[in-house]
Each structure stands twice: as C-alpha cells, then as structure tokens.
1. With a cut-off of at least 2 residues that are of a type in the set (D, E, K, R), name the helices (runs of 4 or more DSSP H) lying wholly within region C:1-75.
2. Given the structure, is residue C:181 loosely packed, with under 15 Cβ neighbours inside 10 Å and within 14 Å of chain B (Cβ to nearest Cβ)?
3. From the list B:180, B:184, B:201, which one is within 30 Å of residue A:62 (Cα to Cα) and modelled with pLDDT under 85?
4. Do we have residue A:69 as under 16 Å from the mean Cα position of the chain (by Cα) and over 24 Å from residue B:182 (Cα atoms) here?
5. Restricting to region C:17-51, name every residue that is under 30 Å from residue C:333 (Cβ atoms) and touching a helix residue (DSSP H, G or I) at 6+ places or on another chain (Cβ under 9 Å).
6. Could you tell me which of the residues B:236, B:184 is of a type in the set (A, V, I, L, M, F, W, C), under 18 Å from the mean Cα position of the chain (by Cα) and either within 14 Å of chain A (Cβ to nearest Cβ) or surrounded by 15 or more Cβ atoms within 10 Å (Cβ to Cβ) (or both)?
7. Does at least one position in region C:394-415 carry a residue that is at positive phi, under 19 Å from the mean Cα position of the chain (by Cα), in a loop (DSSP other than H, G, I, E, B) and surrounded by fewer than 23 Cβ atoms within 10 Å (Cβ to Cβ)?
8. In region C:81-148, which helices (runs of 4 or more DSSP H) lie fully inside it and hold 1 or more residues that are small (Gly, Ala, Ser)?
Amino acid sequence: MKEILENIRLFFVGALDMQGKAHGHIENEASDTMDQFMLLCFGDLLGIDLPTTYYALELLPYLGEDLVKWNMRMSDKKSIWEEKAGKLDIDP
Amino acid sequence: MGKIIFFGGKGGVGKTSCSTAFALSKARSGLKTLLVSTDPAHSISDLFHCQIEHKITQLEANLFGVEVNPERESNAYITKIRKNLHSIMSPIIMEELNKQLDAASVSPGTHESALFDKMIEIIIDTSKDFDYIVFDTAPTGHTLRLLSLPEMLGAWMDSLIAKRKKTLTFKSMLSKDKGIKDPIIEILSKRRNNLTLARKIMIDGENLQFIFVLNAEKMPIEETKKAVKMLRSYGIKVTSLVVNKILPNENSDDFWKDKKVKETRYLKIIEEEIPVDNLYQIPLFKFDMDEYTINEMAEYF
Amino acid sequence: MNSLLLILIASVVFLVAYVTYGAYLAKKWGIDPSRKTPAHTMNDGVDYMPAKAPVLLGHHFSSIAGAGPIVGPIGAAIFGWVPVFLWILIGSVFFGGVHDMGALFSSVRHDGKSLGEVIGVTIGKNGKKLFAIFAWLTLLLVIAAFTNIVANTFVAVPEAATASVLFIAVAIVFGIFVYRQGVSLAIGSIIGVALLILSIYLGTLFPLQLGKTAWMIILLGYIFVASVTPVWILLQPRDYLNSFLLYAMLIGGFVGVIFMRPAIQLAPVTSFTVGKSTLFPMLFVTVACGAISGFHSLVGSGTTAKQVDNEKDIRLVGYGSMLIEGILATLAIITASYIGADKFKELLGQGGPVNVFSSGIGDFMTSFGLPFATGKSFVALAISAFALTSLDTATRLARFIFQEFFDVSGEGQPSPLTNRYVSTCITVVLGGGLAFKGWKAIWPLFGSANQLLAALALLALGVWLKQSGREHKMATIPMIFMFAVTLVALIQLMFANLGNILLLFFSVALFILAIVLILQAKAAFSKTASISKK
C-alpha cells in the first residue's frame with residue numbers, strides 16, 4: 001500500500017516537475033552552450049583541426065572530467081530536430 | 001623597445017650561421033643583442049664553446065644567447081598539465097585524458113604552438129632589455145600566418161571567452177551564485193592578453209623585421225620572392241636579404257666559371273625583383289663554421 | 001445518464017486493457033527486463049540518464065498532454081457523444097497505446113535513437129525524409145489551428161484576452177527578476193501567481209474586444225517575436241507560470257465534476273452526416289490526439305526512451321500515459337455533452353471548442369462557489385496560455401526542421417534560408433496564412449497529418465517487428481486503418497476545399513505524401529531480407 005502511494009507521489013513529481021518547468025529550457029541552452037565551448041576547445045578529438053588546441057589542454061583540469069561523456073554526446077549531432085522536439089514540449 | 005629580427009629561408013641556406021653572425025656584428029657595435037636559437041643541433045653552443053641552455057646565457061660583452069627546444073617546451077607544458085590533472089582526477093578519467101595528452105605531445109601542431117608560445121614569452125619578457133632580439137629561424141607554416149595575423153588567434157580566443165561567458169550567464173540564471181571568478185575565463189584571458197601584448201610589440205611598434213637568407217639559385221629566389229610578397233601584404237617589414245654562399249670571384253675551371261656567371265645573373269635578378277634596404281652578400285667560406293669564420297662573417301653585416 | 005459514469009467506464013476499460021492487452025504487447029514484442037537500457041549503457045550525464053518509472057510516466061504524460069485531446073473530442077461531438085467516447089476508448093487501447101508504446105520500445109532497442117533514425121534503419125532514407133516533412137506540415141497545421149482557436153477564444157471570452165495580454169507582461173517581468181536579477185524562485189512564484197490572479201481580475205473589469213482578424217494578426221506577430229527571442233524572456237517564464245494555471249484548472253475541474261455530477265444531455269448519436277462531414281472518416285481525424293497522435297512518438301523517442309530505467313517500464317510509460325490521456329479526452333467530451341445540443345451548437349459556433357470547454361468547466365466550478373464568469377474566463381485563459389506556449393515551441397521546432405532541410409551547402413557556408421529570421425518568417429507566413437481559413441477546415445487537416453505521422457511510426461514498428469520475426473499485426477492493422485481513414489478524409493477535404501487555394505494545396509500535398517508513404521510501406525514489407533534485430 002505504502003508503495004502505491006509512493007508511486008503516485010513520484011508520478012506527480014514527474015508530471016508537475018516544477019524545477020523542470022522553471023529551468024528546463026535554460027538548462028538545455030546552458031548545456032548546449034557548454035558542449036559548444038568544449039567543441040571549440042577539444043574539437044580535435046572529433047577530428048577537427050583547431051588553432052587553439054594547444055592552449056585548450058590547459059583547461060583540461062577544469063573540463064576533463066566531462067570529456068568522455070561530452071565525446072559521447074557529440075557523436076550524433078548531424079540532425080538534432082528530433083532531440084529538440086522531445087525537449088520543447090509541443091503538447092498538441 | 002628592441003628590434004625583433006626573424007631570419008627566414010629554406011633549410012640548408014645558412015640561417016643559423018647568418019643570424020649568429022648578424023647578432024655578433026650588432027653586439028660588437030655596442031648594441032645589446034639576444035640570440036635565440038631553435039637549432040636542435042646546438043651549433044651555437046659549439047661556436048661559442050658555451051653550454052647555452054634554455055636560460056639566457058651571456059656569450060660576450062653585449063651578446064646573449066638562449067636555446068629554445070620546442071619538444072622540451074611542449075613536453076614541459078604537457079607534463080605540468082598531466083601532473084595537475086593527476087592530482088585532482090580519478091585514474092579512470094586519467095586513462096582517457098592521458099590518451100588525449102599523448103596524442104597532443106606528438107602532434108606537429110603542438111611543437112609549433114609551443115615554439116610560438118616560447119617566442120612570444122621571450123619577446124614580451126625581454127624586448128625592453130635588449131636592442132636586438134635575433135631569432136635564427138622564422139616560425140614555420142601556419143604559425144607564420146598566425147604571427148602575421150595575430151588577429152586570427154586572438155579572435156579565436158575571444159570566441160572561446162565569449163562562449164564561456166554565455167554559459168556562465170545561463171548558469172547564473174539557474175542559481176543564486178553570481179559573479180564567481182571563473183578560472184577558465186581567467187586562463188583564457190591571460191592568453192589573450194599575452195597575444196595582444198605580443199602583437200603590440202611586434203606589429204604596432206613596427207619593431208618586427210624579417211631577414212631572408214637565400215642562395216643565388218632559381219628555386220630559392222622564387223620561394224623567397226613569394227614569401228616576401230606575402231609578408232609585405234600583411235604589413236610586415238622585410239628589410240634585408242642575405243645571399244649566402246657566394247662563389248669566389250677567381251675560378252679556375254670552366255664548371256665553376258659558368259656557375260659564377262649564372263650566379264652573377266641571379267644576383268642581378270635578386271636586386272631587381274626583390275627590393276630591400278640591405279642586400280648582404282656573404283661568401284662561401286673555405287672552412288667550416290667555427291668561432292673564427294663566424295667572426296669573419298660578422299664583418300659582412 | 002450521468003457523466004461520471006463515463007469516467008468510471010473509461011477507467012475500468014483502460015485498467016483492463018493495461019493489464020491484458022498491454023501485457024500481451026509486452027510479451028509478443030519480447031520486452032526483456034534483464035536487458036540493460038540505453039539510459040545505462042550510454043549514460044552521458046545529460047540526456048541518457050535512467051529515471052524511476054513513475055517519475056518518467058509523469059514526465060512523459062505531461063509532455064504529451066495538451067490542448068489537442070480537449071479540442072478534438074469536443075469538435076467531434078457534433079456526431080453525438082457515443083461515437084466520440086467509443087473511439088476514445090477503442091483508439092487509446094488498440095491504436096494510440098500501441099503506437100506510443102511501440103515507438104518508445106523501438107527507440108529503446110535502437111540505442112535510444114530518435115524515431116527518424118529507426119525509420120531510416122527499417123524503411124530507408126526516404127522514410128526518414130518523409131518523417132521530417134510530415135512533422136513539418138503537422139507543425140504548420142498546429143500553428144494554423146491553434147492561432148485560430150486562440151483568436152476564437154479571445155473573441156468569445158474577451159476577459160481572457162485581457163488576462164492573456166497582461167500574462168505576457170507578467171511573464172517578462174518574472175523572467176527579468178528571477179533569471180537575471182536573481183530573485184528567488186519561491187518569491188518570484190508567489191508574486192507571479194498573485195499578479196496572474198490580478199490579471200484575471202483586471203480581465204473581468206476590462207474585457208478587450210477586438211475582431212477575430214485583428215487578434216490573429218496580433219497573435220502571429222507575437223509568435224514570430226516569441227520564437228526568436230532567448231528562452232528566458234518568454235518561453236521559460238510562461239512555461240512555469242502556465243503550470244500553476246493548469247493545475248488549478250485541473251483540480252477545479254475534477255472537483256467540480258465530482259460535486260456537480262452533471263448528467264449527459266447531448267444526443268448520444270446525432271447522424272452520420274453533419275453539415276459537410278460524414279462520421280466516417282471525420283470522427284477519427286477530428287478526435288485525433290484524443291485517440292492516437294503521431295506527435296507522441298517524437299516525445300517518446302526524443303527524450304523518454306533515453307531515460308527508461310528498465311524495459312519493463314515501457315508498458316507503464318508508453319501504454320499507460322496514452323490511457324491517462326484518454327481520461328483527459330473523456331473529461332473533454334463530458335464538457336461537451338452535459339449541455340443540450342442547442343447550447344452546444346451555440347457555444348461551438350460562438351467561440352469554438354475552447355468556448356465549450358471553458359463554459360463547461362466554469363459551470364462545474366460553480367458547484368463549489370466560484371462565479372461562472374470568473375471560472376470560465378480563468379479556464380479560457382489557462383487553455384489559451386497553454387496554446388500560446390505550444391505555438392511558440394511549434395514555431396521553433398518547425399524552424400529547426402526547415403533549417404536542417406535546407407542546409408544544402410556543402411561549403412560550410414549557411415544557406416540564407418537557414419537564417420533564423422527568414423525561416424521563422426516563412427513558417428509564420430505559411431502557418432498564419434492557413435490560420436485565416438478557420439479551425440473547422442484546418443483541424444481535420446491537422447488530424448490527418450498527425451495520423452499519417454502516427455501511421456509512419458506504426459509502419460516502422462511493423463516492419464521492424466516483421467524483420468525480426470515477431471508478431472506485427474497489432475501494429476500493421478491499426479496502420480492500415482489509419483491509412484484508409486486518412487485517405488478518405490483527405491479526398492473529402494480536397495473536394496470541400498476546392499474554392500480555397502491554400503487549403504486545397506495542403507489537402508493535395510498530404511494526399512500525395514500519404515500515397516508515397518503507402519508505397520514505401522509496400523516496399524518495406526516486401527523486402528524479404530530478414531535483418532536480425534534485437
């Protein structure tokens with residue numbers, strides 16, 4: 001019984017999602033912008049020749065932890081309209 | 001503010017000896033001169049019987065020398081980063097990052113960047129202390145473009161900084177922390193400022209000069225012509241040419257007589273097609289470069 | 001007959017369906033709780049992250065719920081409430097639920113990749129392009145339909161118009177103070193909600209009466225501006241403040257329905273032909289989102305699939321959320337059917353489905369003391385606010401699809417069509433031009449496009465199931481039905497719209513694309529090569 005109530009509570013946590021509604025779009029843009037910054041720094045990992053690669057190495061202590069996951073995120077960005085569709089909440 | 005001289009020219013034309021001789025002559029005429037060598041063969045150390053290292057070493061009254069080893073520089077840079085990372089990152093992450101760092105340390109772009117970096121550092125640190133800073137080599141390939149277009153590298157740094165600032169703006173919308181100093185922007189800005197300063201010293205102050213060394217032959221002339229044209233189109237001064245290894249006037253056999261005629265013709269072409277303030281003609285010396293011949297060569301400057 | 005009975009019937013039917021048919025689908029498709037989902041294998045810290053099943057259900061449901069399942073059923077009530085109710089039930093159980101769950105499942109089994117990728121793998125590159133085109137056309141129709149609907153609402157309920165205009169100002173102020181100036185979210189919310197209540201009050205005092213055309217132009221201008229400005233100025237604050245309106249409305253509505261226990265007065269079935277529409281096929285393309293909606297697959301494969309913790313959650317999140325949407329659609333049909341046929345026609349004619357809905361809920365809320373005018377205005381505001389935010393996001397997404405489609409230059413230089421202002425302009429002009437044709441004409445087109453989108457998703461699902469040697473009829477039979485309904489509907493619409501270039505163009509375009517899609521389907525199914533997919 002307790003479990004059912006907990007599940008119902010969790011349902012409303014997901015459905016209401018006040019944090020998401022208050023910050024979701026901004027968070028997405030922040031995340032995208034940060035990924036773009038990483039691209040400008042470490043694009044050589046994706047095969048892009050950049051003039052500032054040498055200097056970007058210096059930034060690894062601050063960004064290095066996310067580097068592997070960033071690489072994974074960047075692997076499929078040719079067409080992102082569907083990704084955006086999921087996040088934009090069209091609600092028709 | 002000191003004059004910054006880059007010696008350019010293909011391999012084997014004698015950049016190292018010419019630049020050394022040039023530096024020597026300036027030093028002997030009373031001007032405090034720093035000779036910067038990127039020659040991996042350490043020939044300058046041999047010439048002066050001195051262990052010139054990466055610290056500025058006094059060679060003569062007004063002559064100082066320093067060696068720049070791009071591999072040493074980039075390794076030091078990367079090792080420092082590696083150590084730094086190791087102290088704050090889990091070895092699981094380090095495994096991936098080490099791959100990235102290893103790849104960087106053997107990449108040609110890295111050596112170029114390290115060399116460029118060291119040059120900038122020397123210029124910024126010492127240009128006030130010396131009348132002449134002589135580099136025995138010009139930065140190669142795209143670094144030459146970077147040197148002549150510091151705007152490009154600066155623009156890239158600017159775009160990195162702008163992107164980072166945008167991220168911070170978004171983050172500040174999401175939480176209460178505002179105006180926390182961002183180490184990344186600090187690092188990037190410091191680099192950016194260095195570039196701006198170097199640019200100022202080199203280009204705005206009109207202190208930068210190129211001296212091309214070439215031989216009186218067809219290919220070197222064509223290449224030098226192209227290089228000079230390109231540099232001048234970026235507003236960089238090419239003040240002098242050094243035609244090296246000029247054949248002696250008296251030649252016994254026909255083979256050398258023919259070559260001398262050709263050489264004279266080429267010299268004339270050089271004079272006409274690549275106008276410069278100073279055209280030095282350095283003879284081909286009988287003996288190998290040592291401390292005596294270098295003194296002789298210095299007389300020509 | 002009492003309308004609460006409808007909710008009871010729906011709940012029971014859906015519960016039984018979930019336990020039986022949902023389990024059947026899970027079994028036949030081979031849902032495997034022991035498999036690791038992409039949320040675990042491809043965890044990237046941002047998009048691919050596992051979420052607990054009930055939380056994911058809540059999130060997914062709130063993403064798919066919208067004005068569609070409200071407008072559709074009310075609009076279709078002209079055929080009587082029984083056909084609509086039956087279609088909501090049958091559609092959700094055998095069509096929409098299968099579609100939603102199937103799209104989610106196929107995405108999970110394809111590394112959480114979006115549906116377009118799945119379509120590319122199962123049907124081919126052309127299928128993928130078709131998907132984008134259908135999505136784009138559907139979005140244009142959404143823009144057209146919703147602009148028209150909101151304008152209608154503003155004309156019928158001018159109090160809500162005033163409140164909506166004030167809402168925009170409140171949202172901007174909220175955005176500046178909370179996001180830029182650092183005012184805490186809690187304080188901002190309290191002040192924001194207070195200002196909203198003030199706006200509603202001011203709305204009742206100063207209703208803004210403008211003509212329908214005037215409203216449409218204003219709305220189109222608003223959409224253009226809103227969709228190109230940074231998200232923190234309008235989109236984010238609106239999204240947040242909207243939720244207060246929405247939840248208040250839902251609570252008020254449900255409490256009101258339970259207190260009032262309204263009886264159904266609308267005719268159970270009116271006639272097969274009403275005006276220019278026939279029950280088949282128009283019932284289906286009008287109810288649209290209330291029974292099956294292609295858009296849900298975008299949400300499912302866009303984000304939800306990447307967050308599925310365990311495959312056994314797919315039934316709950318995919319099938320379950322569609323059933324809950326069915327309850328929402330049932331609530332909508334109640335607001336249309338507790339009033340007599342005359343009142344219904346009057347309200348529908350005056351201000352469209354939102355007018356009917358807001359009158360209904362407003363009426364229900366009088367049962368606990370809220371004055372009717374305030375209640376109605378409040379509900380109209382809530383729905384319009386929701387629709388306006390949908391319009392903003394729909395325009396953005398349409399622009400993204402357009403930008404990617406026209407990014408042909410290989411040189412790296414962007415084509416001028418990919419400029420955000422140009423592409424937004426084209427989107428708004430096309431969508432807006434359609435908007436002036438009236439929601440009655442646009443909505444069936446939107447329904448058709450949305451159903452074709454769903455048919456494409458069902459096709460991908462069916463092909464994939466067949467290729468991997470699994471039972472596929474539960475996907476292909478609904479798909480065939482969707483095709484049949486949509487084709488007939490489009491033929492009817494083509495003839496109905498002969499006098500109207502823009503509508504005719506859309507009808508014909510959709511029809512041709514539907515044929516292309518059917519040919520793709522044939523080709524995909526006759527491919528005998530059996531690629532063994534997991």
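The values are calculated or read from the model by the stated rules, or taken from the named source; none is laboratory data. None of the values given here were measured: they were computed from a predicted structure. Because the Cβ atoms are built from the backbone with ideal geometry, glycine has one as well, and the counts that use them run over all protein chains shown.
1. On the way: elements: C:3-17, C:23-29, C:38-41, C:53-64.
Those helices (runs of 4 or more DSSP H) span C:23-29.
2. Values: loosely packed, with under 15 Cβ neighbours inside 10 Å: yes; within 14 Å of chain B (Cβ to nearest Cβ): yes.
Spelling it out, residue C:181 is indeed loosely packed, with under 15 Cβ neighbours inside 10 Å and within 14 Å of chain B (Cβ to nearest Cβ).
3. Every option except B:180 fails the conditions.
4. Numbers: under 16 Å from the mean Cα position of the chain (by Cα): yes; over 24 Å from residue B:182 (Cα atoms): no.
Against the criterion (under 16 Å from the mean Cα position of the chain (by Cα) and over 24 Å from residue B:182 (Cα atoms)), residue A:69 does not qualify.
5. Step one: of region C:17-51, the residues under 30 Å from residue C:333 (Cβ atoms) are C:17-26.
Residues satisfying the conditions are C:17, C:18, C:21, C:22, C:23, C:24, C:25, C:26.
6. Details: B:184 fails: under 18 Å from the mean Cα position of the chain (by Cα).
Testing whether each residue is of a type in the set (A, V, I, L, M, F, W, C), under 18 Å from the mean Cα position of the chain (by Cα) and either within 14 Å of chain A (Cβ to nearest Cβ) or surrounded by 15 or more Cβ atoms within 10 Å (Cβ to Cβ) (or both) leaves just B:236.
7. Kept after step one, since they are at positive phi, are these residues of region C:394-415: C:412.
Now drop any that are not under 19 Å from the mean Cα position of the chain (by Cα), which leaves none.
No, every residue in region C:394-415 fails to be at positive phi, under 19 Å from the mean Cα position of the chain (by Cα), in a loop (DSSP other than H, G, I, E, B) and surrounded by fewer than 23 Cβ atoms within 10 Å (Cβ to Cβ).
8. Working: elements: C:81-90, C:97-109, C:115-122.
The helices (runs of 4 or more DSSP H) meeting that bar are C:97-109, C:115-122.
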